[in-house]
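Contents: one structure, followed by commentary.
The values are calculated or read from the model by the stated rules, or taken from the named source; none is laboratory data. If you're wondering where the values come from, they're calculated on a predicted model, not measured in any experiment. Positions of Cβ are backbone-derived with ideal geometry, glycine not excepted, and every protein chain shown enters the neighbour counts. To get the accessible areas, we keep the full protein, side chains included, count just its heavy atoms, and leave off ligands, DNA and RNA. Shrake-Rupley method; radii C 1.70, N 1.55, O 1.52, S 1.80 Å.
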Amino acid sequence: MASSASHSLLLLLLVVAAAVGGVLGGGGEERTFIVRVDADAKPSAFPTHAHWYEAAVTAAAASGGCGGEWREGGPLIHTYSAAFHGFSARMSPAAAAALAEAPGVAAVVPERVRHLATTRSPRFLGLLSSPPSALLADSDFGADLVIAIIDTGISPTHRSFHDRGLGPVPSKWRGVCSSGPGFPPNSCNRKLVGARFFSAGYEATSGRMNETAEVRSPLDTDGHGTHTASIAAGRYVFPASTLGYARGVAAGMAPKARLAAYKVCWVGGCFDSDILAAFDAAVADGVDVVSLSVGGVVVPYYLDAIAIGAFGATEAGIVVSASAGNGGPGGLTVTNVAPWMATVGAGSMDRAFPANVQLGNGQVLDGVSVYGGPALQSGKMYELVYAGASSGAASSAADGYSASMCLDGSLDPAAVRGKIVVCDRGVNSRAAKGDVVHRAGGIGMVLANGVFDGEGLVADCHVLPATAVGAAAGDKLRKYIGSSTRQAPATGTILFEGTHLGVHPAPVVAAFSARGPNPQSPEILKPDLIAPGLNILAAWPSGVGPAGIPSDGRRTEFNILSGTSMACPHISGLAALLKAAHPTWSPAAIKSALMTTAYIKDNSNGTMVDESTGIVADVFDFGAGHVDPMRAMDPGLVYDITPVDYVNFLCNLNYTEQNIRAITRRPADCHGARRAGHAGNLNYPSLSATFAADGTRATMKTHFIRTVTNVGGGRAVYRATVRAPEGCTVTVQPRQLAFRRDGQKLSFTVRVEAAAPSKKMEPGSSQVRSGAVTWSDGRHAVNTPVVVTVQAPLQ
């Protein structure tokens, strides 16, 4: 007779077999699901978890009920054992729901598809190589730390990844160097210590990849991964420039840190099951930092594969830095919002690439570009045309809207030949618009922002003389063209001015940088901070044109790109430097050091402004502020967080035990957590309170409990100063913290009282007020943002 354990095992195998075979009553179109199992639930009959999963696959094959075509290698896509335990497989939603009820299954998460979200930035951040800054010197430039880049792969032969002068590969390293087309087995070295690629999830959904357009290896055929890797840890390279712009010495944040490339992004996107496989491999390989410049929709943490993978990495002592997303300047656009990740927005530097539009009526409109080809004829004014006007520039097969956007095939060559074409921003890529104009015979292009884009500008390596202008300039340009006649046509030219340094104000919050509040847990301020992400020069593959479009046959060793994708690896590299200098610090302590030392003043001594509007930015734009690496080296105090603290946070979000187990791999006892208060009591380096303005209270109150650890080097007395948000009272108790030794922890309470709005608020509207609590001992200033949001009910 079978034992009860054998019976449970048989039941689980049958359920899993049915699920991956898609035979549980049909239940809709198959898709990929990620299955988390309890680590200790493996039946003793199987020597390893992999054998357990393989048995399920074998049972599925024997059942003969596999839904759809049998995928090469079977329906099982990946197995996971380091960041978390489980597997991914194709199944119907009904089968996934049944599998979620099986013994030993902690969670079944639907897969989502994610998308990809320097010569000046080290100097702008104070990281001087000669003489070396304190952070570089104390960390030995990040030597022996390994940064994982989860992205589009890497170009291994680029000069930024040479290994001259580096010591042996760290003994802790357990990774591999996968080979394939364009990536021979000897591609790795003492700098690029490992490389892998993960495509099974992509191919399970999209079919076998087209190997004439993509390569089944870690080789980067896109450019994004090479660019982000060199920002984090590129070696010193001179000379470096892009088409003559931004000349100087290129270097990453941690020039001696080692790199490991994990390719998960393909033509069809970046698939959760592959991203999770990369996290799993990175943890097993022994990396110290994970850099992830990939984003997507925000969902509860227990359904978010990136949040789940990042938790496993954080628990293993690995710092995870992720891009905030490029959905700005609108609110509630920030992604990668789990509190155990550093969520990074983008700012500018004090460098610009002016390319202004001179109009025939004498006006000059500010623009930016890094076009490096033959310039327009000096002194000549070219006719301007805008297909969104009644100019006849649209092709016979296109409507005015398509032509105004310069979509493929939308322009009439006879109407645009030899002219500068004005294109509205949106729908297709900025560089693709220039290609459309170029193929139609246009001599140049002006890319004009719309109202939503505001004044935010990005410099691109266009394939023809082109520049980008803001919304106000775009309106002037369209009106000028609209008022022209056949006898007096609108004319203009583009004046390329090269590279300007010492620009004011800087930094500003990039218009595209995603904004808070945190749509998943408003108690946690996101983004955490900002870093350089606008017009960043970094390494570029030799086989990809700088415009990133197939028709661009130009080649350049470095390229200038913008995005929170570029900001994220700045923080990843800086985290490696801090970890090298302070090897005992936890991931939370490192993030705390970066946040509490960030600044909010620009180089004009005013509060940073929002590029899209030109007005003062707030905490939902820049979080704690702009990173300041030199101050982060010696923060004085840090807010530390343990995995148990994160479990308590999830309890206070009212997650079920099953929800929490899906993230943390352990059962959760929430009784003590709920006695401790609310989700805002996570020991986070910011304080965020949200109140409902229901009209029933004159004042609204809450409190926060925080604990800080002394890392400033011995005895110290810190005193609190408060900058209260407008209309609020903030009290700190005690007002003084006396530390007797390094490593000592002391706690304090912050009470926030907000006055109800004096006027009735519009339904669904909100008011945001910000301030700060700063602890100072005369040598350190530990800044903690305080944000109060008053929200009116929807009705």
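With a threshold of 18 Å on the Cα-Cα distance, the over-threshold entries among 526/591; 172/591; 172/256; 172/579 are 172/591. Using the Cβ of residue 502 as centre and a radius below 10 Å, the other residues enclosed give a net charge of 0, where K and R count +1 and D and E count -1.
Taking the 1.4 Å solvent-accessible surface of the chain as the whole, the part contributed by carbon and sulfur is 53%.
Close amide H pairs (under 5 Å, H built 1.01 Å from N) link residue 411 with 395, residues at least 5 positions away or on another chain. Per-residue Karplus couplings for the range 489-498, computed as 6.51 cos²θ - 1.76 cosθ + 1.60 with θ equal to phi - 60°, are listed in order as x, 6, 9, x, 8, 10, 10, 8, 10, x Hz, Gly and Pro entered as x. Legend: P(r) of the range 354-498 from all alpha carbon pair distances, 10 Å bins from 0, whole percents, reading 13, 49, 34, 3.
A quarter of the convex hull surface defined by the alpha-carbon atoms of the range 202-352 gives 11.2 nm² as the mean projection.
For the range 487-573, take N as its residue count and report Rg(C-alpha) divided by 2.2 N^0.38 Å.
Numbers: Rg = 18.3 Å, N = 87, 2.2 N^0.38 = 12.0 Å.
Rg over 2.2 N^0.38 Å, computed on Cα atoms: 1.53.
Sorting the segments 186-196, 276-286 by their residues' average number of neighbouring beta-carbon atoms within 10 angstrom, most packed first, yields 276-286, 186-196.
Computed from phi, the 3J(HN,Hα) profile of the range 738-750 under the Karplus parametrisation 6.51, -1.76, 1.60 (θ = phi - 60°) reads 9, 9, 9, 7, 5, x, 5, 10, 9, 10, 8, 10, 10 Hz, with x in place of Gly and Pro.
Quick note on the chain: its Rg to Rh ratio, both from C-alpha atoms and Rh being the Kirkwood radius, is 0.98.
Shown in residue order for the range 559-575 are the 3J(HN,Hα) couplings computed by the Karplus curve 6.51 cos²θ - 1.76 cosθ + 1.60 at θ = phi - 60°: 9, 10, 10, 9, x, 5, 4, 7, 6, 3, x, 4, 5, 4, x, 5, 4 Hz (x for Gly and Pro).
What per residue convex hull volume, in Å³, comes out for the range 659-795 when only alpha-carbon positions are used? Don't jump to the answer; show the numbers that get you there.
Values: hull volume 19.8 nm³, N = 137.
Here the figure is 144 Å³ per residue.
Could you work out [θ]222 nm for the chain from helices alone, using -39500 (n - 2.57) per DSSP H run of at least four and dividing by all its residues? Round to the nearest 500 deg cm²/dmol. Using -39500 (n - 2.57) per qualifying helix, the result is -6500 deg cm²/dmol. Ligands, DNA and RNA are left out, and with a 1.4 angstrom probe the accessible area of the chain is 37 Å² per residue.
Overall shape of the range 224-295 was characterised from the C-alpha gyration tensor. The equivalent ellipsoid obtained from it has semi-axes of 27, 16, 7 Å, in decreasing order. Other residues with beta-carbon under 15 Å from the beta-carbon of residue 679 carry, at +1 per Lys or Arg and -1 per Asp or Glu, a net charge of +2.
A cut-off under 13 angstrom between Cβ atoms defines the neighbours of residue 720, and their net charge, with Lys, Arg +1 and Asp, Glu -1, is +4. In nm², what is the average projected area of the convex hull enclosing the Cα atoms of the range 729-782? Answer in nm², one decimal: 5.7.
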